[in-house]
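Rule-based calculations on the coordinates, nothing more; no lab input. Worth saying up front: this structure is predicted, and the values here are computed from it rather than measured. With ideal geometry, Cβ positions are generated from the backbone for all residues, glycine too; neighbour counts draw on all protein chains shown.
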Amino acid sequence: MKNKLSDCIRVINVCLCSDKIGALEVCKAGGHDNIENEKIFHAGPNLAVHLYLLFNALLWLSFVPDDFRSGMIKPVKKQAW
């Protein structure tokens with residue numbers, strides 16, 4: 001039987017998740033979900049495993065949650081020189 005989770009090609013692995021979490025810039029404002037990078041950065045190594053499982057399940061199901069599709073753009077006024 002095809003389409004088993006074990007048969008899917010896993011393009012995201014735990015090391016990739018850990019590397020991306022480690023590369024986050026701290027002291028940044030949270031998005032529309034109010035999750036700041038510092039919270040993710042300091043969450044510990046178990047978060048990378050859970051994100052790995054979540055993202056691979058989303059890929060296998062071909063599903064993108066609505067919150068993943070939204071973003072926030074805030075214009076910043078610059079001083080005229």
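Worth a mention:
- Computed across the stretch 5-65, the Kirkwood hydrodynamic radius from all distinct Cα-Cα pairs reaches 12.6 Å.
- Sequence of Val11, Val49 once ranked by neighbouring C-beta atoms within 10 Å, starting from the fewest: Val11, Val49
- Legend: ranking of residues Leu47, Leu54 from fewest to most surrounding C-beta atoms inside 10 Å; resulting order Leu54, Leu47.
- Pairwise FRET efficiency - Lys78 versus Lys39, Cβ, R0 = 30 Å, nearest 0.05: 0.50
- From phi via Karplus (6.51, -1.76, 1.60), per-residue ³J(HN,Hα) for the stretch 24-35 in Hz, x at Gly/Pro: 5, 8, 7, 6, 10, 5, x, x, 5, 8, 6, 8
- Highest-first arrangement of 22-31, 71-80, where packing means the average Cβ count within 10 Å: 22-31, 71-80
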